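S.K.: Take a look at this one; I'll ask things after.
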Amino acid sequence: MSGARSTPFLLLIVCAIAACKSAAVHLYTLVPYTPAASSDATESQPRHRIVFESISIPGEIDRKELVVRRSPHELVLLENDNWASSLREEVRRGLTTDLYRALRDEAANVPTTAASLTVIRVDIREWEATANAVHLNAEWRIRRADSVDPIDIRCESDLVERTSGSAEDLVRADQALLENIAKAISRVLHGNRCNDFDRPQGYYQR
């Protein structure tokens, strides 16, 4: 009888172990992969010293888990799909890497003594993922107190990236959207105005 009574208990243990194995947590990052053999992007930018002064994101997605909208009234947490660090830190590091990459070609022909500090603030006002697409609306401000080439400009990016709905593809879409913002910032630093950008990109000067 004792053997019979122990069988359900053993089955519960086996099921619990199987559940633990199936509940693996996946960590995602918004920082683009950089091969170890390549030079660090920030070291190859003598002209531009970039500081992201502040980054704001909507409170409903400011969580460790990825958040997806299921319906007009429901947001779903992907409990086993988490950010590798805080979402603000992921955005800051991702934008920094993307921006230095976008500036790399331009900086190759600039003297190393022409360094100036550029301060950037990014306010992400909407950032929503669904099974089909990710929409991101952000206002960003660039300031540079330079006697030769000062900048104080506000721009807005309103972007959409299609996705398959999987967690991995949602993160890919997020990375693509941040890369587009970084390229827009780069173009302003190259002397363009916000409304000089391609209209489909959704940028304009305020």
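S.K.: Starting from the Cα-Cα distance between T130 and E89, subtract it from 0.36 nm times their residue separation and give me the gain in nm to one decimal. Mind dumping the intermediate values first?
M.R.: Numbers: separation 41, 0.36 × 41 = 14.76 nm, distance 2.26 nm.
The T130-E89 span can extend by a further 12.5 nm.
S.K.: Sorting check: for 52-62, 72-82, which peptide has the highest mean count of neighbouring beta carbons within 10 Å, and how do the rest follow?
M.R.: 52-62, 72-82
No lab work stands behind these numbers, since they all come straight from the coordinates. This is a predicted model, so every value here is computed, not measured. Positions of Cβ are generated from backbone atoms using ideal geometry, with glycine treated the same way; all protein chains shown enter the neighbour counts.
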